[in-house]
Amino acid sequence: MLQSLCGLIVIPLIAWLLCERRAAVPIGQAGKIAAGGIALQFIIAGLFILIPQLSFVFDLLAGAVIALQTATGTGMKFLFGYLAGGPTPFTVTDPGKGFVLALQALPIIVMMSVIARLLYHLGILQKVVGFLAWLLGRSMGVTGPVGTVAAANVFVGMVEAPILARPYLEGASRGALFAMMTTGMATVAGTVMALYAIFLEPVLAGAAGHILLASLMSAPAALVTARLMVPWSSEEDAIDVTEIGEPYKSDSVMEAIATGTTDGVRLVVSVAAMLVVMVALVALVDMALSAATSPFGATVSAQQIFGWVMTPLALLTGIPWSEAAQAGQLIGVKTVLNELLAYLQLADTGTTVLSDRSRLILTYALCGFANFGSLGIMTGGLLALCPDRRVDILSLGPRSLVSGLLATLMTGAVIGVMTPP
């Protein structure tokens with residue numbers, strides 16, 4: 001617990017030390033900003049973790065993910081038969097090797113995309129996002145579009161969320177723009193939450209609830225790290241946004257389903273292609289490292305390098321020293337490659353390597369889009385939305401990756417405090 005508490009001091013301090021206008025944020029004011037965001041994180045986590053009456057949300061979400069997985073599997077088996085897990089026309093000698101990621105896991109993204117479109121069409125998503133934006137405004141003084149985009153990032157992607165405030169982007173202050181980018185880096189879209197939960201559920205009960213909670217908690221953390229790194233005042237951006245924009249507007253239920261399906265298919269193809277490329281790149285790096293080190297009788301891999309570099313950050317979240325190197329590898333995989341690969345490796349890591357507490361902390365610390373691939377996606381999307389802000393977007397992009405990573409580490413540290421050894 002003490003280790004995690006130290007992390008909650010050091011992580012915001014790192015963000016402040018990286019501030020581009022440190023004179024605009026005196027250390028005392030920086031402390032108040034950090035304290036406000038961390039307090040909100042504890043409140044959000046406490047509501048769902050410490051209050052038994054609300055803990056049922058985790059079981060409810062877990063059941064929803066299972067239902068979605070079963071329903072999606074039914075459709076995939078109808079289309080692809082035994083390749084998607086249906087009855088085989090031959091005897092299977094090793095059932096454990098029959099899992100096909102592209103056909104038995106990734107398609108749930110399509111269903112989540114459709115559900116998101118339907119929720120927007122029915123007016124439910126707007127109300128949830130509006131409430132979260134109001135909560136961020138009341139608790140952290142974030143006004144108008146910044147709060148709206150920050151809240152929307154919990155449920156939609158890092159490109160879709162800024163569309164909600166598209167008319168405002170051109171005139172937003174540099175700090176406000178950076179805050180929107182950071183929340184995109186520190187959270188994950190609802191379309192992939194269920195996918196991550198599928199892999200983690202066997203090793204973490206209620207994984208779907210934890211992932212949703214992690215994304216919720218990282219929104220205020222992102223606003224803290226963003227404000228410490230690129231300061232702005234709420235008065236600069238005090239524009240009232242009474243309605244969420246219309247990127248998901250549909251004229252009928254069938255149109256929402258059709259559009260959601262098309263968007264989901266694009267996302268599945270993108271995720272699958274990114275996995276192929278990233279795994280291949282890691283293999284190439286490992287081959288190069290092996291060729292360079294084997295003559296000296298050493299074996300070095302990309303994951304080992306990740307672990308060495310990220311071990312100090314893992315320690316800040318509350319991971320014990322004996323497990324910090326392995327945790328650092330996973331944080332490195334998430335940052336350099338993507339969070340899906342990190343979650344896959346986390347699910348495969350045995351209990352002898354990581355304790356249940358460390359696994360829980362990492363579930364929260366890994367829950368964000370802060371990686372180089374997502375950085376390219378976000379900057380490309382924002383440049384298309386507001387090309388006149390090209391200089392700001394490109395200069396703030398790498399900083400938003402760092403800011404988003406620090407935010408998710410803050411979230412992991414909060415969980416570390418709440419789950420002592």
Where trypsin sites (Lys or Arg not before Pro) in DSSP loops with at most 15 other Cβ within 10 Å are excluded, longest remaining stretch of the chain:
22-248
Any chance you could list the semi-axes, whole Å, largest first, of the equivalent ellipsoid that the Cα gyration tensor gives for region 312-415, using √(5λ)?
30, 13, 9
So for the pair residue 356, residue 39, with labels modelled 7 Å out along Cα→Cβ, what separation do we get in nm?
3.3
Taking 0.36 nm per residue of sequence separation and subtracting the Cα-Cα distance, how much length would be gained by fully extending the chain between residue 292 and residue 277, in nm to one decimal?
3.1 nm
Which of 20, 339 comes first, and how do the rest follow, when ranked by fewest Cβ neighbours within 10 Å?
20, 339
Can you report the principal axis dimensions of region 34-87 using only the alpha carbons, biggest first, rounded to whole angstrom?
54, 26, 11
Sum of -39500 (n - 2.57) over DSSP H runs of 4+, divided by residues of the chain (222 nm, nearest 500):
-23500 deg cm²/dmol
Mean separation of Cα contacts under 8 Å, 6 or more apart, over the residue count of the chain: relative contact order %
25
Per-residue Cβ contact counts at 10 Å, fewest first, order 321, 16 as 321, 16
By how many nm would the segment from residue 27 to residue 301 grow when fully extended, if each residue of separation counts as 0.36 nm and the alpha-carbon distance is taken off?
94.6 nm
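Where a number appears in this text, it was derived from the coordinates with a stated rule and is not lab data. Given the structure is predicted, the values throughout are model-derived calculations rather than measurements. In this analysis, Cβ positions are derived from the backbone assuming ideal geometry, glycine residues included, and neighbour counts consider all displayed protein chains.
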